[in-house]
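I have placed the structure first, in the form of structure tokens, so that the comments after it can refer back to it.
The values are calculated or read from the model by the stated rules, or taken from the named source; none is laboratory data. Since we're looking at a predicted model, the values are computed, not measured. Please note: Cβ atoms are built from the backbone with ideal geometry, for glycine as well, and neighbour counts cover all protein chains shown.
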Amino acid sequence: MQKLVIKGGHPLQGSVEAGGAKNAALPLMCASLLTSDEVVLRRIPALRDIRTTKQLLLQLGAQLDDFTPGMLRIKAREIADHTAPYELVKTMRASVMVLGPLLAREGKADVSLPGGCAIGARPIDQHLKGLAAMGAKIELDQGYIRARVKRLQGVDFTFDLVTVTGTENLILASALARGTTVLRNCAAEPEVVELAHVLNRMGAGVEGAGTDTVVIEGRESLGGAAHEIMPDRIEAGTYLMAGAITRGDVRVVGCESSHLNALLEKLDDAGLTVEADDDGVRVVSNGKIRSRNVETNPYPGFATDFQAQYMALMALGDSECGITENVFENRFMHAPELVRMGADIRISGRCARVIGVQTLSGAHVQATDLRASASLVLAGLAAEGITEIHRIYHLERGYERMPEKLSALGADIRRAKDDIV
């Protein structure tokens with residue numbers, strides 16, 4: 001086990017490059033199961049979740065070539081196994097996205113109920129309701145989803161709530177279904193748009209991605225494709241907030257500013273200077289952080305994946321503000337750890353009241369999920385003294401070489417052996 005040791009108080013300065021988006025790469029890796037042809041993905045981030053998905057694809061019979069850093073060649077000539085086992089699925093909720101492709105191509109799938117970050121129930125009932133509407137017979141047996149169908153049928157289906165992985169899973173399933181599928185109340189995230197774009201390059205007929213209604217014309221088969229993964233908007237926003245909380249000047253290159261509009265508007269409102277161009281985004285601090293309310297909402301609203309980092313930023317605000325979590329019901333687990341560092345945060349249900357303090361102090365803290373980990377890193381960068389962050393395996397699920405990237409910006413941060421389990 002490792003921990004991060006951070007000596008705070010160093011304003012971050014300079015440029016950092018956004019890596020490939022994990023949340024775009026994972027569904028595209030699952031999409032490779034829809035074809036016997038080769039799918040080539042570039043700008044693949046070196047993350048724990050990516051490694052887990054590679055193991056899952058190998059388990060299902062795909063051939064993988066990942067000898068070139070950042071490039072992954074996948075060829076699922078045959079599906080040799082239809083089981084996504086608990087041992088692989090337990091750590092990563094996105095693994096449920098093999099369910100749609102397996103059903104679409106093979107007509108059967110046995111997928112363990114997924115795990116991942118403990119930030120709320122995040123039920124997959126919308127995935128199962130949609131697949132059942134398409135004709136699949138689904139049973140839950142000893143912790144597994146066991147699904148069977150002769151061939152999925154096109155359907156007009158409305159999600160009860162907006163779900164990113166649910167939207168992606170049903171788009172994947174519909175690509176080889178018979179007839180036309182209409183999905184309503186869909187997620188509009190850029191990663192959904194990217195999935196649809198690549199599927200269309202493989203020969204699929206997906207229209208409307210990025211809106212609340214997506215129409216898919218099912219095909220008899222799909223071919224291969226080559227694609228470069230989009231930049232990670234959550235990683236980019238995290239580094240921008242790292243610059244802001246340390247009263248620094250940070251530019252993230254290689255990111256798409258339009259994917260960050262909600263965050264950039266909030267940072268501008270909080271008193272940061274925000275500059276965006278075709279090559280990236282720069283955030284410059286004037287030494288003061290204005291406290292500003294925020295509510296998380298599905299895209300294009302303020303992303304729930306930014307909420308924890310924004311709370312760390314607001315902990316050093318000039319007054320007080322409210323943060324409302326509308327997406328997940330249990331995503332304030334980082335708040336008690338920030339309080340250990342001197343933050344003044346009061347939680348009531350889905351709302352947090354953050355009263356800004358002059359300084360944060362280094363402390364021993366434990367990460368509870370991926371984005372909570374990032375918020376503690378940001379707090380540690382700004383705090384006086386030494387912060388030690390335990391259970392950083394959460395962080396390594398979604399941030400590639402974060403300590404190295406922050407060090408290049410001037411942070412005093414290092415990995416160390418952790419004797420605390």
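Taking the options ASP212, ASP268, name whichever one is surrounded by fewer than 21 Cβ atoms within 10 Å (Cβ to Cβ), of a type in the set (Asp, Glu) and in contact (Cβ under 8 Å) with a residue 12 or more places away in the chain.
Working: ASP268 fails: in contact (Cβ under 8 Å) with a residue 12 or more places away in the chain.
Only one candidate passes the filter, namely ASP212.
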Go through the residues of the stretch 193-203 one by one and say whether even a single one is surrounded by 24 or more Cβ atoms within 10 Å (Cβ to Cβ) and touching a residue at least 60 places away in the same chain (Cβ under 8 Å).
yes
Return the residue satisfying two criteria in turn: it lies in the stretch 87-113 and is in contact (Cβ under 8 Å) with a residue 60 or more places away in the chain and touching a His at 6+ places or on another chain (Cβ under 9 Å), and of such residues it is farthest from ASP125 (Cα to Cα).
LEU102
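Give me a count of the residues in the stretch 263-281 that are under 20 Å from ALA303 (Cβ atoms) and out of contact with any helix residue (DSSP H, G or I) (no Cβ under 8 Å at 6 or more places or on another chain). Walk me through it before giving the result.
Kept after step one, since they are under 20 Å from ALA303 (Cβ atoms), are these residues of the stretch 263-281: 263-270, 272, 274, 276, 280-281.
If we keep only those that are out of contact with any helix residue (DSSP H, G or I) (no Cβ under 8 Å at 6 or more places or on another chain) too, we end up with 265, 268-269.
So the count comes out to 3.
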Quick count over the stretch 376-403, residues being within 15 Å of the chain's Cα centre (by Cα) and among the small types (Gly, Ala, Ser), is 1
So for the stretch 377-399 (the condition being within 26 Å of ASP249 (Cβ to Cβ), of a type in the set (Asp, Glu) and free of Cβ contacts under 8 Å to residues at least 24 places away in the same chain), does at least one residue qualify?
no
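Please go through the stretch 69-98 and give me each residue that is hydrophobic (A, V, I, L, M, F, W, C) and within 19 Å of the chain's Cα centre (by Cα), ordered by number. So that I can check it myself, show each step before the final result.
So the first thing to find is which residues in the stretch 69-98 are hydrophobic (A, V, I, L, M, F, W, C), and the list is 71-72, 74, 76, 79-80, 84, 88-89, 92, 94, 96-98.
Of everything in the stretch 69-98, those that are hydrophobic (A, V, I, L, M, F, W, C) and within 19 Å of the chain's Cα centre (by Cα) turn out to be LEU88, VAL89, MET92, ALA94, VAL96, MET97, VAL98.
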Look at LEU338 and say whether it is over 19 Å from GLU320 (Cβ atoms), assigned by TED's automatic domain parsing to the domain that holds ALA242 and either touching a Cys at 6+ places or on another chain (Cβ under 6 Å) or not in a strand (DSSP E or B) (or both).
no
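Going residue by residue through the stretch 48-67, is there one that turns out to be of a type in the set (Asp, Glu), buried (at least 22 other Cβ atoms within 10 Å of the Cβ) and assigned by TED's automatic domain parsing to the domain that holds ALA31? It would help to see each step written out before you state the result.
Just the residues of the stretch 48-67 that are of a type in the set (Asp, Glu), to begin with: 49, 65-66.
Remaining after also requiring buried (at least 22 other Cβ atoms within 10 Å of the Cβ): 49.
Pick out the ones that are also assigned by TED's automatic domain parsing to the domain that holds ALA31 and you get 49.
Taking every residue of the stretch 48-67 in turn, at least one turns out to be of a type in the set (Asp, Glu), buried (at least 22 other Cβ atoms within 10 Å of the Cβ) and assigned by TED's automatic domain parsing to the domain that holds ALA31.
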ASP369 fails exactly one of the following numbered conditions: (1) more than 20 Å from ALA262 (Cα to Cα); (2) more than 17 Å from the chain's Cα centre (by Cα); (3) of a type in the set (Asp, Glu). What is the number of that condition?
(2)
In the set GLU404, GLU388, GLU337, GLU329, the lone residue that is modelled with pLDDT of 95 or more and either surrounded by fewer than 17 Cβ atoms within 10 Å (Cβ to Cβ) or small (Gly, Ala, Ser) (or both) is GLU404
If we scan the stretch 29-47, do we find a residue that is closer than 20 Å to ASP369 by Cβ and outside any loop (DSSP other than H, G, I, E, B)?
no
In the stretch 227-259, the residues that are under 16 Å from the mean Cα position of the chain (by Cα) and in a strand (DSSP E or B):
PRO231
Subset of the stretch 309-328 (residues that are more than 12 Å from THR359 (Cα to Cα), in a helix (DSSP H, G or I) and not aromatic (Phe, Trp, Tyr))
GLN309, MET311
In the list ILE6, ILE74, which residue meets the criterion of being surrounded by 18 or more Cβ atoms within 10 Å (Cβ to Cβ), among the hydrophobic types (A, V, I, L, M, F, W, C), in a strand (DSSP E or B) and in the same structural domain as SER375 (by TED's automatic domain parsing)?
ILE6
